[in-house]
2 protein chains.
Amino acid sequence: MTTTRPRIDADRLYASLEALGRVGEYRDERTGLLGVNRLALTDADAAGRRHVVGLMRDLGLEVTVDRIGNVYGRRAGREDDLAPVMMGSHIDSVPTAGRFDGCLGVLGGLEVLRALDDHGLRPRRPMVVAFFTDEEGCRFGTDMLGSAVAVGRIGLEQAYALTDRQGRTVRDELARIGFLGEAEHRLAPPHAYLETHIEQGPCLRAAGLDLGVVTGVQAISWHEVTIQGKSAHAGTTPMELRCDAGVAAARINLKLRDLIASGRFGQMRATMGAIAPHPGLVNIVPGRVTCTVDLRNPDDALMRAAEREVVAFYDEVARLERVEVTWRQTARTEHVPFDPGLQARLAAAATAAGLRHAPIISGAGHDAQELATLCPTAMVFVPGEHDGISHNPRELSTREQCRDGVGVMLEVALALAEE
Amino acid sequence: MTTTRPRIDADRLYASLEALGRVGEYRDERTGLLGVNRLALTDADAAGRRHVVGLMRDLGLEVTVDRIGNVYGRRAGREDDLAPVMMGSHIDSVPTAGRFDGCLGVLGGLEVLRALDDHGLRPRRPMVVAFFTDEEGCRFGTDMLGSAVAVGRIGLEQAYALTDRQGRTVRDELARIGFLGEAEHRLAPPHAYLETHIEQGPCLRAAGLDLGVVTGVQAISWHEVTIQGKSAHAGTTPMELRCDAGVAAARINLKLRDLIASGRFGQMRATMGAIAPHPGLVNIVPGRVTCTVDLRNPDDALMRAAEREVVAFYDEVARLERVEVTWRQTARTEHVPFDPGLQARLAAAATAAGLRHAPIISGAGHDAQELATLCPTAMVFVPGEHDGISHNPRELSTREQCRDGVGVMLEVALALAEE
């Protein structure tokens, strides 16, 4: 037992990210870069899971797999009946991922425990590192699946019944890869939950910051929009007789820009990411377009106001372009604020470490937003290089960025575990 | 020999359209309607060709197949060395066609000759009914192929070398289906060329007209546009840091509308028919979009002015949205005016028959625009039901509409053949 403070070993942490990154590795044909594909409940995900379970066993953790395949590695506390301090995230990935998204929270949690081991520290409370099943939602269509089941937002049977495009169920695939556990899936409330994650955006890096203390996850609203016009010959159909579904979609896209430019919706972000015209030929006026609208806002009331204006505009564009516009809500979550006390403690730890930091809202969803319904929860964001690109082999946080983020988590986790 | 005027037998003409429509017939899965698929130089096209050659032989015509597969059925004149009066069009089709596009011009020409036979008429000049190879261009990428070779706009070897998606050449496919003829492919100038065609647009029907006298084929300009922006996370990327290729495409689409609304470009039509974002996911800002622009104008000078403004806008939108816009010209033809004298004679014949008619510009390309470079040429349009839909199993002209259009062609063809 040393007298210095426990500290993160940057090389050890980064080497563990590199090692996990080799599980499910592939080479991107266009760029030649090495990426990661550990789509949930595939063989590659199973290999990643076994790799991390091995790391947990090496650390002497008690490993539990619950009925939805969430994995918990538990380090005993001096008063082992107390609610644990939990750290975690996910290790499943989108099909074209880098090495950091999710993995940093899980391997960072394990590095925190290694740092305690280095110093022979045994805090009062038990400490748990978790990785949750299918955070990405790419395969079975529902993101944050494992953590949502753990906190009771999604029922176990409902989760089991979800299918991929080949009709394989979550339950069958969990059983097939050997991660259909027997432990109770509803999680007993931890004392607190902390998650370190790559920002997946450009803000911290652009502002020259070392880390961000996440204030919460912004509200999300997704629409799938179908515009039915009339297919027509581009050469023979007079402009005034057209019902051009493509023009209607263009008007909706630019309306999103107008709403943001109006300044009336605060920190709103809005995106038309998909647009598919039918038949999609150079000389045919598009008769039908399906497109998507993605709205984000850290303020629930402003989100609702923006949604109302967007939907009203669907009706307006239908009249204007003589098309029929129908839409359905494909995702909707409210703003999830993180615990103010934990945010203050993370900020103080960052200041004490001499790091440049600022509060930041999360634009993406994370397991932490599910845990926030169960216990005091907070997140640390580390900056991403290359404009913060993520879900891409170019995703990158440096050794120092990872060390700094996990180091701040270590300080607060240790303090929480002594409470 | 009777003393009445020769006249079109509406039932006989319509029955011949129905009979040819059964060659290459298919049932549309979604609507249950019967459509036609006689893609150029397929087995179905070959069957259609043999069917029409049979009709020509039944009429005692001398049948010639040239080196590009154009088929000419010739009826001798009293002074058989004179240049013939030619009527025609095409019998190949898009993969989802109706029974009228092209076929009306060919079978209408044969019906004109039948009407002469009925009356034992032998005009001074020979008369020829032609069907030209691959007018649609769907399979080998170049429309009006056979007629373009016949008038010398496209070289024979260049046409032969064109390939479909499976790499099969025009020459090999002509040989395979038995229509690689030996006759000279460069056509000796006919005395005149007439073509009756379905309008493929809504104008005649909307105006309550019985037929249209076509003034010419409008100029066409196609651009394939590639917009390179930056893929980014829709939740985490601030609006002011985005390079959204989808928004840039939307601005181009609406710019086309603005140019038309300005009234500065006459009868311009403009369409963005194709738009494909990459990666095309709900929560990703599109990093790249390919899209198409289709411009039409009956006035060459106005077309050039519109093209200049569209291309200037590509640069403007590139600056505005911080994207790169590149484009290439995928098709360009000038306005082709038809012969004013022939137009006047068609109009006079229509008036004499008590038909409501008007001049109309052709929005689509036709074999007649190639023949117009060789001899006095004109076209008759007959109205289309269902808003003039074409390239679709719902394409429809009525028995009376077909009779009236071909009847006017008969009057003018007969007069021309006596000159």
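Observations
- Filtering region A:148-155 for residues that are part of a strand (DSSP E or B) and assigned by TED's automatic domain parsing to the domain that holds A:Arg49 leaves an empty set.
- Among the residues here, A:Thr373 qualifies as among the polar types (S, T, N, Q) and surrounded by fewer than 20 Cβ atoms within 10 Å (Cβ to Cβ).
- Summed over region B:156-182, the residues that are part of a helix (DSSP H, G or I) and within 20 Å of B:Pro95 (Cβ to Cβ) give a count of 4.
- Number of the condition not met by B:Thr169 [criteria: (1) buried (at least 19 other Cβ atoms within 10 Å of the Cβ); (2) modelled with pLDDT of 95 or more]: (1)
- Selection of region B:326-342 for residues being within 19 Å of the chain's Cα centre (by Cα), not charged (D, E, K, R) and not in a strand (DSSP E or B) yields B:His335, B:Phe338.
- Checking A:Leu82 against (1) within 24 Å of A:Thr142 (Cα to Cα); (2) surrounded by fewer than 17 Cβ atoms within 10 Å (Cβ to Cβ), the condition it does not meet: (1)
- All conditions in (1) buried (at least 23 other Cβ atoms within 10 Å of the Cβ); (2) more than 14 Å from chain A (Cβ to nearest Cβ) hold for B:Arg186, with the sole exception of (1).
- Within region A:378-400, being surrounded by fewer than 24 Cβ atoms within 10 Å (Cβ to Cβ), outside any loop (DSSP other than H, G, I, E, B) and at pLDDT 95 or above holds for A:Arg399, A:Glu400.
- Residue selected from region B:243-255 under the condition more than 8 Å from chain A (Cβ to nearest Cβ) and over 21 Å from A:Ser231 (Cα atoms), by the criterion surrounded by the fewest Cβ atoms within 10 Å (Cβ to Cβ): B:Cys243
- Checking the stated criteria, A:Gly54 turns out not to satisfy the condition of being surrounded by fewer than 21 Cβ atoms within 10 Å (Cβ to Cβ) and at positive phi.
- Test for A:Val214: is it in contact with a helix residue (DSSP H, G or I) (Cβ under 9 Å, 6 or more places away or on another chain) and outside the structural domain of A:Leu320 (by TED's automatic domain parsing): yes
- For region A:256-298, taking the residues that are more than 7 Å from every other protein chain (Cβ to nearest Cβ) and without any contact (Cβ under 8 Å) to a residue 12 or more places away in the chain, the one that is nearest to B:Arg296 (Cα to Cα) is identified as A:Asp258.
- From the list A:Arg75, A:Arg50, A:Arg124, the lone residue that is in contact (Cβ under 8 Å) with a residue 60 or more places away in the chain and not small (Gly, Ala, Ser) is A:Arg124.
- Any hit, region A:25-34, residues being among the hydrophobic types (A, V, I, L, M, F, W, C) and free of Cβ contacts under 8 Å to residues at least 40 places away in the same chain: no
- Residues (within 20 Å of the chain's Cα centre (by Cα) and modelled with pLDDT under 95) located in region A:283-298: A:Pro298
Conditions tested, residue by residue: (1) in contact with a strand residue (DSSP E or B) (Cβ under 9 Å, 6 or more places away or on another chain); (2) closer than 26 Å to A:Glu400 by Cβ; (3) aromatic (Phe, Trp, Tyr).
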{"site": "A:Pro84", "(1), (2), (3)": "yes, no, no"}
{"site": "A:Met87", "(1), (2), (3)": "yes, yes, no"}
{"site": "A:Asp92", "(1), (2), (3)": "yes, no, no"}
{"site": "A:Arg122", "(1), (2), (3)": "yes, no, no"}
{"site": "A:Val128", "(1), (2), (3)": "yes, no, no"}
{"site": "A:Glu135", "(1), (2), (3)": "yes, yes, no"}
{"site": "A:Gly141", "(1), (2), (3)": "yes, no, no"}
{"site": "A:Leu145", "(1), (2), (3)": "no, no, no"}
{"site": "A:Arg153", "(1), (2), (3)": "no, no, no"}
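- Subset of region B:205-220 (residues that are facing chain A (nearest Cβ under 8 Å) and under 19 Å from the mean Cα position of the chain (by Cα)): B:Gln218, B:Ile220
- Residue in region B:106-118 that is β-branched (Val, Ile, Thr) and closer than 13 Å to B:His366 by Cβ present: yes
- Top-ranked residue of region B:189-204 - restricted to ones that are within 14 Å of chain A (Cβ to nearest Cβ) and assigned to a strand (DSSP E or B), ranked as farthest from B:Thr271 (Cα to Cα): B:His197
- Residue match in region A:362-377 (condition: under 20 Å from the mean Cα position of the chain (by Cα), assigned to a strand (DSSP E or B) and under 17 Å from A:Gln218 (Cβ atoms)): yes
- Selection of region B:296-310 for residues being touching a Leu at 6+ places or on another chain (Cβ under 8 Å) and surrounded by 22 or more Cβ atoms within 10 Å (Cβ to Cβ) yields B:Met303, B:Ala306.
- In region B:221-242, residue farthest from A:Ala206 (Cα to Cα) [restricted to those that are touching a Lys or Arg at 6+ places or on another chain (Cβ under 6 Å) and more than 10 Å from chain A (Cβ to nearest Cβ)]: B:Ser221
- B:Phe313 surrounded by 23 or more Cβ atoms within 10 Å (Cβ to Cβ), among the aromatic types (Phe, Trp, Tyr), closer than 26 Å to B:Arg269 by Cα and out of contact with any His (no Cβ under 8 Å at 6 or more places or on another chain): no
- Qualifying residue in region B:339-361 (condition: among the hydroxyl-bearing types (Ser, Thr, Tyr) and in contact with a strand residue (DSSP E or B) (Cβ under 6 Å, 6 or more places away or on another chain)): no
- For A:Val217, the conditions (1) surrounded by fewer than 22 Cβ atoms within 10 Å (Cβ to Cβ); (2) more than 22 Å from A:Leu414 (Cα to Cα); (3) modelled with pLDDT of 95 or more all hold with the exception of (1).
The values are calculated or read from the model by the stated rules, or taken from the named source; none is laboratory data. Worth saying up front: this structure is predicted, and the values here are computed from it rather than measured. Heads up, the Cβs are rebuilt from the backbone with ideal geometry, glycines too, and the neighbour counts pull from every protein chain shown.
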